[in-house]
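The values are calculated or read from the model by the stated rules, or taken from the named source; none is laboratory data. Treat the numbers as computed from the prediction; the structure is a model and nothing was measured. Here Cβ is always computed from backbone atoms with ideal geometry, including for glycine, and neighbour counts include all displayed protein chains. What goes into the accessible areas is simple: the full protein's heavy atoms, side chains included, and nothing from ligands, DNA or RNA. Shrake-Rupley method; radii C 1.70, N 1.55, O 1.52, S 1.80 Å.
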Amino acid sequence: MKLIALLILSLILAPLALAQYRCVENGKTLFTDKPCASEVAPAVPTGNSPKVVGDSANSAYSTGYGDWRGQVQYQASINGQPISEAHAIVQTTLSIDPQGKITGSSPENGCKMKGLASPGPMPTILYLDITLTGCHYPNLNRRLSGTLALYPAQKSSQFWIYATPMDLRKPGQSYDIKGTLRR
């Protein structure tokens, strides 16, 4: 069912597909679906580069790679019943380097993120595979998967990762983390 929902979402977002790489060549900014020919300017913000790259064309939102921040909601449930100890809405940072390495954190609830991003069915979607560690609610310390979907016109992205573990000792558990992130 989740796969069908993801495919439907992909079809709906298809018209929003934008170039994945932002290249600067001869002083001009180009958007392309191929890596930049020149190594002089990185395709996306990295490391300690400025967090916001703004212009009227919303180029900061033409790729999921780079730095993101925003309020994110952490939730857990057992058999559909929310677990209040796990619930938190906290400021979160997320960084995705051009090779797909993910790092992030939400200090208020202690969670640290590490993982990998891979291209989705279109340039506006990245698939995420993230492991949480250090969370104050111990059962959140696990591997989750999901997406980062870009919405350039709204200058935002939707971050959503989830896990529904198969544990015969504790059936019906689910975990999800989602929120709107911006540059």
- Which of the residues that make up region 98-142 are among the basic types (Lys, Arg), assigned to a strand (DSSP E or B) and either over 16 Å from Gly66 (Cα atoms) or in contact (Cβ under 8 Å) with a residue 40 or more places away in the chain (or both)? Lys112
- Message: If I ask for residues that are open to solvent by 50 Å² or more (accessible area, probe 1.4 Å), in contact with a Lys or Arg (Cβ under 8 Å, 6 or more places away or on another chain) and part of a strand (DSSP E or B), which ones from region 143-161 would you list?
- Response: Gln158, Trp160
- Message: Report every pair of residues separated by at least 6 positions or lying on different chains whose Cβ atoms are under 9 Å apart, first residue within region 59-85 and acidic (Asp, Glu) and surrounded by fewer than 16 Cβ atoms within 10 Å (Cβ to Cβ), second at pLDDT 95 or above and not in a strand (DSSP E or B).
- Response: Glu85/His136; Glu85/Tyr137
- Message: For region 95-114, give me the residue count where each residue is within 17 Å of Asn141 (Cα to Cα) and either open to solvent by less than 90 Å² (accessible area, probe 1.4 Å) or of a type in the set (D, E, K, R) (or both).
- Response: 12
- Item | Every pair of residues 6+ apart whose Cβ atoms lie under 7 Å, when the first sits in region 148-161 and is under 12 Å from Gly120 (Cβ atoms) and free of Cβ contacts under 8 Å to residues at least 60 places away in the same chain while the second is open to solvent by less than 10 Å² (accessible area, probe 1.4 Å) and outside any strand (DSSP E or B) | none
- Message: Restricting to region 162-183, count the residues that are part of a loop (DSSP other than H, G, I, E, B), within 20 Å of Ala117 (Cα to Cα) and without any contact (Cβ under 8 Å) to a residue 60 or more places away in the chain.
- Response: 1
